[in-house]
Amino acid sequence: MKRGPKPLPTQLKLARGSRRVTDPLEPIPPVVRPTRPAHLSRTARSEWDRIAPELERLGLLTKLDRAALAAYCQAYGRWVKAEKEAAMHGLVVKTKDGNLIQNPYLSIANKAMRQMHEFLVEFGMTPSSRTRVTVVPPIDPDDPRLRFFRTPG
């Protein structure tokens, strides 16, 4: 059963310019860049170092987002590696029997690309979502003015 679009986090709604916040009890964790996980591949670490400061600057990254960002970065690293392998060996490869098949790295690249896209949407980093984002300073959860923006409806 479909329930409609997924609700957006308050910080992303505010970044897009909305002043209507639907859940007054939604927790607002402080904007803090989480530590980069040690298990990330070299390419994933580079992507983390590239994107984490930008997400933090936009107020869209907290310590709670560490696993989601790490998963995005790891999928990115997998995609880059698979694309390089596909480029090196071609789109079609020969099996031991001499049959031609699609290079298996293309399937890996396509799956990683789908995973990346899901995380990009979650963080508001797709071209369509970026057109709706207005950069605002990160919210201070102790700001007394916040209570005016955290009312139902």
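General observations
- Cα-projected label distance for R57 with V121, points at 7 Å along beta-carbon direction, nm: 2.7
- If you take all other residues with their beta carbon under 10 Å from the beta carbon of L69, and give Lys and Arg +1 and Asp and Glu -1, the sum is 0.
- Put in order of Cβ neighbour count within 10 Å, fewest first, the listed residues V121, V31, V80, V92 become V92, V121, V80, V31.
- Relative to the current alpha-carbon distance between K111 and A67, full extension at 0.36 nm per residue lengthens the span by 14.0 nm.
- Distance (nanometres) between label positions extended 7 Å along Cα→Cβ at T35 and M88: 3.3
- Database remark: amide H of T62 closer than 5 angstrom to the amide H of V32 (H placed geometrically; neighbours at sequence offset of 5 or more, or on other chains; Pro and chain starts carry no H).
No lab work stands behind these numbers, since they all come straight from the coordinates. Not measured: the values here are computed from a predicted model. Please note: Cβ atoms are built from the backbone with ideal geometry, for glycine as well, and neighbour counts cover all protein chains shown.
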